[in-house]
Structure formats: C-alpha cells, structure tokens
Amino acid sequence: MTEAREIDLESWSRAGQFHLFRSYDRPHFATTARIDVSALMTKGKSAGASPYRAFIHAIGAGVHAVPALKMRFIGDQVFEYRAIALSATVPRPGDTFGYAYIPYIADWAEFDRSCKAIIEETATGTDFGANTGQRFDLAYLSCLPWIDFTALDNALPGPDDCIPRFSWGKIVQGHDGRWSCPVAVQVHHALVDGLQVGQFFQAAQACLDQFADTRTDIV
C-alpha cells in the first residue's frame with residue numbers, strides 16, 4: 001500500500017459533508033457521461049494503441065488529477081494516498097475474469113508497457129485476485145464493451161466502501177463521424193461531490209485527446 005497523509009478533520013473544508021453522508025444508508029452516487037474518443041480511434045489505434053489500455057491510463061490520469069478521488073476513510077479517519085493503483089477486471093478463457101493491479105504511470109509509453117505485461121499475466125493466471133479489504137489505495141475499473149449504456153450501478157458491500165468505481169462501455173461512431181464511449185463513475189458522497197466528478201471527466205478527456213498528436217508513420 002502506498003503512503004498516505006491523514007486529513008485534519010478540524011480544518012478540512014468538507015468535514016460537514018463527510019459527517020453528513022457517513023450517516024446515510026446509501027451514500028454513493030453514480031454519474032454516466034460520454035467521452036469523445038475520436039483521437040484514440042482515428043490516430044492512436046492506427047499507431048498501435050490499445051483502446052482498453054488507453055482507457056485504463058485515462059482513468060488513472062483522471063483519478064490522480066483530483067485529490068478527492070485519492071481519499072479514503074477508515075473509521076473516522078480520512079487519508080489521501082500519494083498514488084492509486086488501478087484494479088481492472090481482465091477477461092479469461094470462458095466466462096471468468098481476474099483482477100489486475102496496475103500502478104499508474106503518467107507517461108503513456110511506459111505505462112502501456114507495464115500495463116500490457118500485467119494484463120497478460122492476469123489473463124493466464126488462476127488466482128481471482130479480489131481485494132480482501134486490506135488495500136484502500138485502489139480504484140476499481142471494469143469494461144463492458146458489449147453495451148453502449150446510459151447509466152450504470154455497481155454492487156457494493158456496504159455504506160463504508162469508499163473505493164471509487166469506473167466503468168466504460170462500447171465505443172460507437174456517431175452520424176457526425178466522431179467516436180464516443182459511455183463512462184460511469186461511482187463514488188462515496190462523504191469524500192466526493194459532483195464538482196470533483198466533473199474534474200475527473202475533464203482530466204480523463206484531456207488524456208485521451210493527447211492521441212491527436214500521435215504520428216501514425218513512426219510505428
């Protein structure tokens with residue numbers, strides 16, 4: 001588990017919201033919005049980029065751009081982790097899957113190499129790899145490439161689960177020729193508000209837009 005700093009609740013601007021939403025039976029909220037992936041599909045993919053790994057990287061960029069998405073609470077203590085690992089579901093032969101644990105690296109090329117190796121190892125493994133509750137420095141990721149969904153909700157073990165969930169669906173091309181994909185974000189309201197969800201989408205979009213600068217003649 002990566003290092004974390006404890007948040008001083010006495011001086012924390014969101015202490016009121018934290019205490020309020022900790023008392024809720026259903027303190028989580030989910031938001032689904034579309035992300036433009038035209039640069040990824042027209043330039044990045046042609047240059048060899050995997051859309052699956054590109055999405056994992058973009059989600060990691062979004063998480064690390066928003067301090068609230070790196071916060072977790074344990075009891076009445078709130079911590080902000082320095083780095084968040086990306087726990088993604090990886091398909092296995094048949095109808096099973098395993099959990100991969102992918103460190104976030106800002107540099108795309110370095111991240112892609114590391115991510116590819118971890119996914120390949122997870123895909124051929126037999127250990128389910130589910131978090132036993134001992135790690136909090138995680139974000140949970142899942143891909144539903146079969147569905148162009150308009151909303152998504154996740155199974156949650158209880159009201160104190162504060163690890164955010166990120167899901168993305170089928171990539172589709174619109175009548176205008178541009179490509180897009182639904183992305184769902186589910187968070188604990190004691191730590192995250194709509195403002196921070198919006199900031200996540202902005203950062204993830206900016207990360208995917210960087211594929212517009214990819215040169216397809218150097219691969």
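The values are calculated or read from the model by the stated rules, or taken from the named source; none is laboratory data. It should be emphasised that the depicted structure is a prediction, and the values quoted were computed from it without experimental measurement. Ideal geometry is used to build each Cβ from the backbone, glycine not excepted, and the neighbour counts take in all protein chains shown. Heavy atoms of the whole protein, side chains included, go into the accessibility calculation; ligands, DNA and RNA do not. Shrake-Rupley method; radii C 1.70, N 1.55, O 1.52, S 1.80 Å.
Against the numbered list (1) hydrophobic (A, V, I, L, M, F, W, C); (2) over 24 Å from D153 (Cβ atoms); (3) touching a Cys at 6+ places or on another chain (Cβ under 7 Å); (4) part of a strand (DSSP E or B), F79 comes up short only at (3).
Is it the case that region 188-205 has a residue that's touching a Pro at 6+ places or on another chain (Cβ under 6 Å) and open to solvent by 40 Å² or more (accessible area, probe 1.4 Å)? Yes, some residue in region 188-205 is touching a Pro at 6+ places or on another chain (Cβ under 6 Å) and open to solvent by 40 Å² or more (accessible area, probe 1.4 Å).
Note on region 107-119: among residues that are touching a helix residue (DSSP H, G or I) at 6+ places or on another chain (Cβ under 7 Å) and open to solvent by 40 Å² or more (accessible area, probe 1.4 Å), the one that is farthest from A83 (Cα to Cα) is K116. The residues listed here are T31, T89; of these, the one that is modelled with pLDDT under 95 and under 23 Å from A151 (Cβ atoms) is T89.
When each of S46, S38 is tested for being surrounded by 19 or more Cβ atoms within 10 Å (Cβ to Cβ), over 20 Å from R135 (Cα atoms) and not charged (D, E, K, R), the lone residue that passes is S38. Residues that are touching a Phe, Trp or Tyr at 6+ places or on another chain (Cβ under 6 Å), part of a loop (DSSP other than H, G, I, E, B), of a type in the set (G, A, S) and surrounded by 11 or more Cβ atoms within 10 Å (Cβ to Cβ): does region 125-147 have at least one? There is at least one residue in region 125-147 that is touching a Phe, Trp or Tyr at 6+ places or on another chain (Cβ under 6 Å), part of a loop (DSSP other than H, G, I, E, B), of a type in the set (G, A, S) and surrounded by 11 or more Cβ atoms within 10 Å (Cβ to Cβ). Considering each residue of region 178-195 in turn, none proves to be on the phi > 0 side of the Ramachandran plot and either assigned to a helix (DSSP H, G or I) or free of Cβ contacts under 8 Å to residues at least 60 places away in the same chain (or both). For region 21-30, residues that are surrounded by fewer than 17 Cβ atoms within 10 Å (Cβ to Cβ) and either within 14 Å of the chain's Cα centre (by Cα) or touching a residue at least 60 places away in the same chain (Cβ under 8 Å) (or both) total 5.
Applying the condition of being of a type in the set (D, E, K, R) and within 24 Å of Y81 (Cα to Cα) to region 148-187 and asking which residue is surrounded by the most Cβ atoms within 10 Å (Cβ to Cβ) yields R165. Taken over region 82-104, the criterion of being in a loop (DSSP other than H, G, I, E, B) and touching a residue at least 24 places away in the same chain (Cβ under 8 Å) is satisfied by R82, A83, I84, R92, Y104.
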